[in-house]
Structures are given as C-alpha cells and as structure tokens.
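To start, the structure itself, in structure tokens.
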Amino acid sequence: MADKSTGTPSLKEQFWDPVAGFGVTFRTMFRKVVTEQYPKEKFPTAPRFHGRHQLNRWPDGLEKCIGCELCAWACPADAIYVEGASNSDEPDADGSSQRFSPGERYGRVYQINYLRCILCGLCIEACPTRALTMTNEYELADDSRSSLIYEKSDLLAPLLPGMQEPPHAMQLGDDEKDYYRGEFKQGGDNA
Ligand code: SF4
Ligand code: SF4
C-alpha cells in the first residue's frame, strides 16, 4: 500500500503489480482467438434466428397474404403498412385474372420499414395464414432511408418450380377452404 503521509507507492505497487498486469496480457496472447472476421468470414446463424421477413406463397404461386393487417396491428414499432384489396374471378379488360390469393382479399400494398423493425417476431405470430415468416438473412444495413423500406416485391418468396406468377385462378382447389385445410395435391394437380 502507498505511504499515506508521502504518497509514495509501495514496493508491491512499483514492481509486482505491473508484472502481474503484463502476465494477464502474456497469457491472453496464447489463447484461441475468438474474434470473428466478419464480413470476410460469415458464420451461419442459429436456425430460428429472426432475420428479414418473407411473404410466402401457396404451391401454385398464389400469395398466402390476405391483407388482413393483423401483423401491422401486432407490431410494437409500427413498422408494417398493409393495404388490402379484393380478389376477383372476373377477367379484366385484357382478359387476365384478378386473383392474387385464394379467398376474398389479398395484400395489394405491403411494406416493412427496417429503420423501425426490431425483429421481435410478433408480426409472424399474429399472421393467421402463415403468410409472413422470417428468414435468417441479417445483412440489412444500408445508408439510405428509402432502401430500408421493403416493398411487397422485395419480401415475396421466389417462384419455385411448378409455381405461376399471380394473378391467376386457384389451381389447387375449388375454394380457399381447400387451400387452408391442405386438401389439395401438390404441384397444382387437382384432378
Ligand atoms: S419483427 Fe417486430 S418490429 Fe419487426 S415488423 Fe414484426 S412485429 Fe414489427
Ligand atoms: S402477412 Fe399475415 S397478418 Fe399480415 S396482412 Fe398478410 S395475412 Fe394478414
């Protein structure tokens, strides 16, 4: 201990404490390095990691989102904006279908603002059709506000083999109940 009257450090403080301090440094030099070399080396996330959202499709390519806005209401950060619209089986002027999802409604506008989103996952819990899920993608940083507002086109799942880009008629059943109950044959073969 330092001499209180003169403030002079004790012998222990002058000689042993610096040696002990460098000892910690010396020991650490030979330990396994745990620093991750991101972004040069990327490690897989945990399987249930909450990353970027995805809007899923049925096996015929129709969208699972019904534009109900439950995800937006569940979001504590007010990060989701949805506008629903009605499907129609009546062809429009050029003869193309107006159906984007089974049932009455679909999500015409769907946006997630990743400047607000805290990736908590409450929105995917609220979704009644499992239209909204989260991927493991975490590289969302950007330097412009507009690029961090993801539109429906950015969030929709890619078309897999056998899927057809909506709008088109229901191919897996006669009505939406066949879809929701899973009473259809995969790949659009409902014969
Ligand atoms: S993950 Fe959480 S914060 Fe992000 S959009 Fe969903 S509910 Fe909102
Ligand atoms: S993602 Fe789910 S909860 Fe959100 S609007 Fe679409 S169907 Fe409703």
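Result for the chain in a Gaussian network model with C-alpha springs under 10 Å: among Gly162, Gly103, Gly61, the largest mean-square fluctuation is at Gly162. Which one of Tyr106, Ala20, Gly61 is farthest out on the positive end of the charge dipole of the chain, using unit charges on Cβ (Lys, Arg +1; Asp, Glu -1) and the Cα centre as origin? Sorting the options by dipole projection puts first Ala20. When cysteine pairs in the chain are screened for C-beta atoms closer than 4.7 angstrom, the residues that find no partner are Cys65, Cys68, Cys75, Cys117, Cys120, Cys127. Helix 17-29 axis versus longest C-alpha principal axis of the chain: approximately 40°, rounded to the nearest ten. Could you work out how far the C-alpha centroid of region 6-43 sits from that of region 76-110, in angstrom? If you average the Cα positions of each part, the centres end up 61 Å apart.
Peptides 172-182, 62-72, 144-154 ranked from most to least packed, by the mean per-residue count of other Cβ atoms within 10 Å: 62-72, 172-182, 144-154. Sorting the Cα pairs of the chain by distance into bins of 5 Å, from 0 upward, gives 1, 7, 11, 14, 12, 11, 8, 6, 4, 4, 4, 4, 3, 3, 3, 2, 2, 1, 1, 0 percent per bin. Site pair Phe26 and Phe49 shows an inter-label distance of 3.9 nm when each label is modelled 7 Å from Cα along Cα→Cβ.
Computed from point charges on the beta carbon alone (+1 for Lys and Arg, -1 for Asp and Glu), the dipole magnitude for region 20-94 about its Cα centre is near 1400 Debye.
Other residues lying with their Cβ under 15 Å from the Cβ of Tyr81 contribute a combined charge of -1, Lys and Arg counting +1, Asp and Glu -1.
Computed from the C-alpha gyration tensor, the three semi-axes of the ellipsoid equivalent to region 53-146 are 27, 14, 13 Å, from longest to shortest.
Charges were assigned to the Cβ only: +1 to each Lys and Arg, -1 to each Asp and Glu. The resulting dipole of region 53-188 about its Cα centre is roughly 320 debye.
Highest mobility in the GNM of the chain, judged by mean-square fluctuation with C-alpha springs under 10 Å and restricted to Met170, Met134, Met29, is found for Met29. Across the chain, the relative contact order, built from alpha-carbon pairs under 8 Å that are at least six residues apart, equals 25 percent.
Cβ under 14 Å from Arg57's Cβ, Arg57 left aside: what net charge do those residues give with Lys, Arg +1 and Asp, Glu -1?
Taking every other residue near Arg57 into account, the sum is +1.
The numbers here are math on the coordinates, done by the rules we state, and not lab data. Every value quoted in this text rests on a predicted model; they were computed, and no experiment measured them. Because the Cβ atoms are built from the backbone with ideal geometry, glycine has one as well, and the counts that use them run over all protein chains shown.
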